[in-house]
Structure formats: structure tokens, C-alpha cells
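Starting off with a structure, shown below.
The values are calculated or read from the model by the stated rules, or taken from the named source; none is laboratory data. Predicted, not measured: the structure shown is a model, and the values here were computed from it. So basically every Cβ, Gly included, is an ideal-geometry build from the backbone, and we count neighbours across all protein chains shown.
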Amino acid sequence: MLKIKFQTKDKIIALDGKKQIGYLNFCYAEDSSQRRNIEIPYMYVNPEYRKQGIGSKMLKFLIENKPKITWLSFWTGKEIEKTKGTNFYLKNGFKKLAYHADYYEKGIGMTLFAKRISRN
């Protein structure tokens, strides 16, 4: 049975029974947005559980439990760029805002995605 919950004040986990199958770390942007803008430095779902909506459920849980969010953003990691795994973020309403070519290695850059949550 899938359960999504906070593990710490800045980490959400997905559990299948007692087994942790995914996590989403988040932090507040270091600017004057007064905790309205959240960055997602890490998000992971165990490969055995991918394509089951778990990542989407963790994002939804974050949005529902942090109601004053204006923006969610993240830079993609090397694995996502190599596997072209950006469709997940587009499907969840994020927009591609920037691309940094050759950031990790020749031919492997990183992409900035953001999603507007509210107009607070």
C-alpha cells in the first residue's frame, strides 16, 4: 500500500508498506521570496516502481502541504539528461526555462524547469 509522508521538514518519502521506494528533497529559494519559492534538488523513485505515478504523487503532496508556494523549480541531474527523462516534468506542468549545455560532460547539460503554483 502506497503512503506519501514527510520524513523530515525538507524531505518527502514514498513507502510501499514499510519499504521506502522514493523520496523528494526540497528547500526554500535563497532570495527575498519569503519561503514562497521551493527548489527541488533531488527526487528519486526506485526503478522497480517507476511509471506508476509515484513521483507525481510526491509532487502533489508537496503542493498540497505547502499551500503558500508560488513557484517550484529544479535543475535536472546527469541521469535525467542522459536518459532524456524530462517528459515526467513536462507532464506534471513544469516549463523548460533554461538549458546549460555541456554542464556535466560534452553533450550532457542540465535543464531548469519551473512550475507556477499560485499567484500569491
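Looking at the range 1-38, which of the residues that are touching a residue at least 24 places away in the same chain (Cβ under 8 Å), small (G, A, S) and farther than 21 Å from S118 by Cβ is surrounded by the fewest Cβ atoms within 10 Å (Cβ to Cβ)?
G22
Only one of these is closer than 25 Å to M110 by Cα, touching a Pro at 6+ places or on another chain (Cβ under 9 Å) and among the hydrophobic types (A, V, I, L, M, F, W, C): F26, F88, F94. Name it.
Working: F88 fails: touching a Pro at 6+ places or on another chain (Cβ under 9 Å); F94 fails: touching a Pro at 6+ places or on another chain (Cβ under 9 Å).
So the residue among F26, F88, F94 that is closer than 25 Å to M110 by Cα, touching a Pro at 6+ places or on another chain (Cβ under 9 Å) and among the hydrophobic types (A, V, I, L, M, F, W, C) is F26.
Using the structure shown, decide if G77 is at positive phi and without any contact (Cβ under 8 Å) to a residue 40 or more places away in the chain. Break it down stepwise before answering.
On the way: at positive phi: no; without any contact (Cβ under 8 Å) to a residue 40 or more places away in the chain: yes.
For G77, the condition - at positive phi and without any contact (Cβ under 8 Å) to a residue 40 or more places away in the chain - is not met.
Name the residue that is modelled with the highest pLDDT, counting only residues in the range 100-120 that are of a type in the set (S, T, N, Q) and touching a Lys or Arg at 6+ places or on another chain (Cβ under 7 Å).
First, pick out the residues of the range 100-120 that are of a type in the set (S, T, N, Q): 111, 118, 120.
With the extra rule that they be touching a Lys or Arg at 6+ places or on another chain (Cβ under 7 Å), the set shrinks to 111, 120.
Values: T111: 90, N120: 56.
Within the range 100-120, the match that is modelled with the highest pLDDT is T111.
Hey, another quick one. For K115, all conditions in the list (1) within 11 Å of the chain's Cα centre (by Cα); (2) outside any strand (DSSP E or B); (3) not polar (S, T, N, Q) hold save one; what is the number of the exception?
(2)
Show the residue pairs that are 6+ apart or on different chains and have beta-carbon atoms under 9 Å apart, the first residue being within the range 39-50 and more than 17 Å from K78 (Cβ to Cβ), the second being of a type in the set (D, E, K, R) and modelled with pLDDT of 95 or more.
Close Cβ pairs satisfying both conditions: N46/D16; N46/K19; Y49/D16.
Next up: Would you confirm, using the coordinates I've provided, whether A98 is touching a Leu at 6+ places or on another chain (Cβ under 7 Å) and either under 22 Å from I21 (Cβ atoms) or exposed (fewer than 15 other Cβ atoms within 10 Å of the Cβ) (or both)?
Numbers: touching a Leu at 6+ places or on another chain (Cβ under 7 Å): yes; either under 22 Å from I21 (Cβ atoms) or exposed (fewer than 15 other Cβ atoms within 10 Å of the Cβ) (or both): yes.
Spelling it out, A98 is indeed touching a Leu at 6+ places or on another chain (Cβ under 7 Å) and either under 22 Å from I21 (Cβ atoms) or exposed (fewer than 15 other Cβ atoms within 10 Å of the Cβ) (or both).
Please specify each residue of the range 82-112 satisfying the condition of being of a type in the set (S, T, Y) and free of Cβ contacts under 8 Å to residues at least 24 places away in the same chain. First the steps, then the outcome.
At the first step, the residues of the range 82-112 found to be of a type in the set (S, T, Y) are 83, 86, 89, 99, 103-104, 111.
Hits for the range 82-112 are T83, Y99, Y103.
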